[in-house]
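The values are calculated or read from the model by the stated rules, or taken from the named source; none is laboratory data. Every value quoted in this text rests on a predicted model; they were computed, and no experiment measured them. Quick reminder, even Gly has a Cβ in these numbers, built from the backbone with ideal geometry, and neighbours come from all protein chains shown. These area figures cover heavy atoms from the full protein model, side chains too; ligands, DNA and RNA do not enter into them. Shrake-Rupley method; radii C 1.70, N 1.55, O 1.52, S 1.80 Å.
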Amino acid sequence: MAESNPGPEGGGPLRGIRVLDLATPRAELAGCVLADLGAEVIKIEPPEGAASRRVPPFVNGNGTNGQGGNEHDTPPESLFWAAYGRGKLSHVVALAEPAGQAELRRLAAGADVLIESFDPGALDALGLGYAALRAVNPALVYVSVTPFGQDGPMAHAPASDLTVEAAGALLGLQGDGDRPPLPVGYPQARSHAGIQAAADAIIALNERARSGLGQHLDVSMQACMVWTLLQATGYPPNEGRDPPGSGPERTQPKPPRTAGLNTPELFACADGHVVCLMGPFATGLLTMVETAAWMAEEGPLPDAVAVHWATWPQDVEAGRLAMETVDAGAQHMIAFLAGKTKKELFARAFPKKMLIAPVNNVADLIEDEHFSARDYWIEIDGRRQPGCFAKLSRTPLGVGAPPPALGTANGAVHGERRLAAPSVHAGARRAQPFAGIKVADFAWAGVGPIISKALADHGATVVHVESRKRLDVVRALPPFKDRIVDPDRAQMMANFNSSKLGLALDFANDRGRGVARRLIDWADVVVESFTAGTMARLGLGWDTISRGRPDLIMLSTTLRGQTGPYNTYGGYGNQGAATAGIHGLTGWSDRAPAGPYGAYTDFIAPRFGVAALAAALYERGRSGRGQHIDLAQAEAAIHFIAPLVLDYTANGRIAGPAGHGSLECCPHGVYRAAGTERYVALSVETEAQWRGLKSVAPLAQFADPRFDAPEVRRAACADIDAALGAWCAEHEPFALAERLRGAGVPAAPVQWPSDLYRDPQLAHRGFFVTLDHSVMGPTPYDGPATRFSGTPAHLRKAAPTLGEDTDHVLRDLLGMDAAEVAEHR
């Protein structure tokens with residue numbers, strides 16, 4: 001019998017793959033991820049070094065304003081580069097010179113993947129675009145990352161991370177209603193685009209293994225950001241409005257999650273803040289029950305708390321209990337919890353399964369015993385930083401090599417291929433990358449379903465398993481088609497599960513578990529997101545299902561992973577953002593952090609999960625062997641703030657809420673414009689952009705050339721913001737942003753979700769895809785962030801209603817006869 005759980009193998013699943021990394025800071029993370037997965041990543045740098053070497057923060061606090069001192073100083077060490085340059089080789093190539101162009105063509109002839117994030121057309125002008133390099137190497141996967149895509153009305157618009165976040169509508173959903181909207185407190189668009197590029201490059205490698213052909217991948221940073229909006233894009237077409245409390249309603253008090261229950265999602269505790277969900281739903285109800293019990297242990301309960309909390313929703317509905325009493329009791333609970341420290345709260349919450357998560361800062365992350373128990377942190381150059389974003393059982397990720405010194409690989413990189421070149425069959429028909437791959441999808445909520453959806457959109461047959469007895473939480477959340485509350489009219493669930501088949505299954509009995517096992521035996525890949533240990537208790541754990549199946553791949557994803565002291569801690573992306581240190585960065589320095597919108601890490605972790613799963617499938621194509629993938633969502637998400645972790649381990653700085661502040665740009669802000677709750681975002685990073693801003697904005701008081709220096713502008717930041725604020729308030733935001741872009745200034749209106757459906761760039765890319773749902777009818781779905789030139793992603797069908805395809809799956813996929821199907825029905 002084949003070994004079911006073979007030991008680790010060295011080299012990573014992408015060993016033998018060569019990557020040419022020409023990325024700017026827009027996509028530096030892409031090459032880092034591919035290097036972690038075992039690829040040989042060659043950083044192609046100009047003679048002065050890649051721009052990522054000059055991105056703050058810096059070691060010893062130098063250069064946080066973007067300046068490294070005078071020309072005689074040693075350039076400061078960038079912690080951005082330390083985080084994302086690791087594991088790479090450095091090869092200096094002067095692309096502007098004919099000899100450098102010839103060198104890149106030589107290297108491209110022996111490469112598998114090329115990643116670049118220059119402005120559209122920049123490499124074409126040098127004879128190094130996709131068409132030119134495809135002629136040199138038809139097997140090359142060429143990935144381009146840009147703010148808006150390679151073509152379309154916005155393709156050549158100047159942009160920054162801030163303005164892309166505004167154009168993608170995330171920014172407009174964040175912050176306090178009495179102040180302008182906020183970006184996430186550390187630039188995020190470039191990381192979303194970077195990991196998207198890495199994952200899609202690996203998907204394309206899977207297809208190339210069949211056809212022998214490469215293709216061009218066009219990644220839009222704006223489209224990547226639209227995919228962070230949770231359920232927001234579903235509101236305009238299904239309920240005819242923007243999400244409650246957003247858009248024109250920003251200044252209005254946010255409606256409570258449960259009518260009459262005014263419990264904040266975030267509150268201050270003795271030494272910081274915690275995220276806590278209370279309410280009539282399962283985990284929120286348990287939090288209330290256990291808090292009341294904790295209070296009873298420490299003293300007499302106030303009258304408002306001395307109720308039967310386990311049944312309060314039914315008691316209110318029956319008229320036995322007043323909602324006012326419930327809310328009063330909840331306020332006592334919040335006051336009680338506020339007197340505890342973060343550690344005290346989590347120590348109580350974890351064993352009791354209360355939905356409470358500390359809002360960690362970077363120091364808390366380093367001190368967290370769970371991360372240490374999982375050997376998450378690595379040490380490079382004497383400094384701790386995030387390690388493996390996922391644990392692969394047979395071909396583990398390899399991290400630890402420090403970023404390269406400039407040009408250390410020159411003369412050492414040969415042009416010949418490290419792998420045998422894929423055979424190219426002229427005229428052969430190309431299939432989608434995962435055509436023929438079968439996936440048993442036991443995941444629920446956000447992360448797992450989005451991972452399996454990526455496989456489905458690229459050709460895999462994915463069966464999504466649900467239970468009527470324990471409804472998926474996203475089927476119970478708005479928006480609902482026509483505002484009719486019904487599990488089969490929930491657009492968030494539909495958006496995460498398009499292209500899949502739906503199977504209803506009851507895990508509570510042996511018969512249902514038997515069907516689950518037959519589905520697993522049918523599948524190539526299993527995806528699950530239950531609490532750690534649940535699948536094993538059902539008799540469907542990795543050690544069991546892989547016995548006799550050396551080719552099986554299983555991905556398990558939870559908030560904190562499959563091992564470690566807190567592996568059974570449950571939560572959603574709200575708790576994920578708090579646990580991973582992202583929540584506390586988003587807000588104003590004089591207030592409690594506002595946090596990112598929604599279940600934010602539910603849109604970071606899937607991209608890492610797709611990269612790991614696609615790499616495992618690619619490796620299986622060579623070895624014939626599968627493996628188990630453990631994706632801890634919080635561990636993946638920390639990579640998005642890795643430079644700030646290094647800023648703490650190198651400099652002792654603990655980043656807090658950033659407001660509109662930026663380490664890289666000045667001015668950098670969101671300014672009120674004409675219209676109800678309308679804003680424009682703009683940022684200036686270069687001297688040319690500053691001069692462009694002065695050419696259109698009334699900034700005469702800053703005409704002195706000394707303001708060309710970023711550090712001088714920073715000293716006058718408040719005055720510059722005041723002048724810009726007064727000017728922007730007089731202008732319509734869309735026209736103003738266009739005028740600013742015309743002067744070379746990165747700018748964008750702060751879009752609402754409803755604006756996305758009128759966005760000319762998204763329309764040009766055909767981003768929204770209308771699918772005919774069996775209950776909701778024709779409904780727009782979020783489409784792919786990346787355009788594949790050879791094998792585009794395809795949303796094949798609307799998401800299934802609950803159990804919609806049960807008969808088809810049982811009969812046609814699992815081979816049951818009519819009597820068996822009827823029996824299981």
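Here the Karplus relation 6.51 cos²θ - 1.76 cosθ + 1.60, evaluated at θ = phi - 60°, turns the backbone of the stretch 124-134 into coupling constants of 4, 5, 9, x, 10, x, 4, 4, 5, 7, 5 Hz, with x for every Gly and Pro. Placing unit charges on each Cβ (+1 for Lys and Arg, -1 for Asp and Glu) gives the stretch 779-825 a dipole about its Cα centre, and among 818, 802, 790 the Cα reaching farthest toward its positive end belongs to 790. About its Cα centre, the dipole of the chain is roughly 1540 debye, where the only charges are +1 on Lys and Arg Cβ and -1 on Asp and Glu Cβ.
Give the relative contact order (percent, whole number) for the chain; include only Cα pairs under 8 Å separated by 6+ residues.
19
Which option, (i) 89, 69, 52; (ii) 105, 61, 59; (iii) 77, 66, 52, is the value of Cα extents along the principal axes in Å that was calculated from these coordinates? Identified label for the calculated read-out: (iii).
Here r is the Cβ-Cβ distance between residue 712 and residue 310 and R0 is 51 Å; the resulting FRET efficiency, rounded to 0.05, is 0.25. The figure for residue 687 is an accessible area of roughly 80 square angstrom, using a 1.4 Å probe on the protein chains alone. The label-point distance for residue 301 and residue 60, in a model that sets each label 7 Å from Cα toward Cβ, rounds to 6.0 nm.
Give me the percent of the accessible area of the chain that comes from carbon and sulfur atoms, probe 1.4 Å, all protein chains in place. Accessible surface attributable to carbon and sulfur in the chain totals 52 percent. Could you work out [θ]222 nm for the chain from helices alone, using -39500 (n - 2.57) per DSSP H run of at least four and dividing by all its residues? Round to the nearest 500 deg cm²/dmol. That calculation yields -9500 deg cm²/dmol at 222 nm. First check a/c for the stretch 284-326, with a ≥ b ≥ c the square roots of the eigenvalues of its C-alpha gyration tensor; if it is under 1.5, answer rounded, and if not, answer prolate when a/b is larger than b/c or oblate otherwise. Taking the square roots of the gyration eigenvalues as a ≥ b ≥ c, the stretch 284-326 is oblate. Projecting the Cα atoms of 562, 584, 526 onto the charge dipole of the stretch 499-641 (Cβ charges, centred on the Cα centre) puts 526 farthest toward the positive pole. The label-point distance for residue 817 and residue 251, in a model that sets each label 7 Å from Cα toward Cβ, rounds to 7.2 nm. When all protein chains stay in place and ligands, DNA and RNA are ignored, the 1.4 Å accessible-area order of 664, 685, 804, 730, largest first, is 730, 685, 804, 664. Full extension of the chain between residue 469 and residue 758 gives 100.0 nm of extra length, using 0.36 nm per residue less the Cα-Cα distance. Close amide H contacts of residue 273 (hydrogens built in the peptide plane, cut-off under 5 Å, sequence separation of 5 or more or a different chain): 359. Take the Cα of residue 730, step 7 Å toward its Cβ, do the same at residue 796, and the gap between the two points is 5.8 nm. Take every Cα pair under 8 Å in the stretch 596-658 that's 6+ residues apart, average their separations, divide by the length, and report that relative contact order as a whole percent. RCO, the stretch 596-658: 33 percent.
Across the options 477, 515, 492, the greatest Cα extent toward the positive end of the charge dipole of the stretch 455-549 (unit charges at beta carbon of Lys, Arg, Asp, Glu) belongs to 515. When all protein chains stay in place and ligands, DNA and RNA are ignored, the 1.4 Å accessible-area order of 344, 379, largest first, is 379, 344.
Compute the accessible area per residue over the chain, keeping the other protein chains in place, probe 1.4 Å, unit Å².
Numbers: 28800 Å² over 825 residues.
Per-residue accessible area for the chain comes out at 35 Å².
FRET efficiency for the residue 317 to residue 789 pair, using the beta carbon distance and R₀ = 56 Å, is estimated at 0.50.
The trypsin sites (Lys or Arg not before Pro) found in the stretch 709-759 that occupy coil by DSSP, while having at most 14 further C-beta atoms within 10 Å, are 758. Compute the label zone of residue 151 within the stretch 204-223: residues whose backbone N is under 16 Å from the point 7 Å along Cα-to-Cβ. It comes to 216-220, nothing else.
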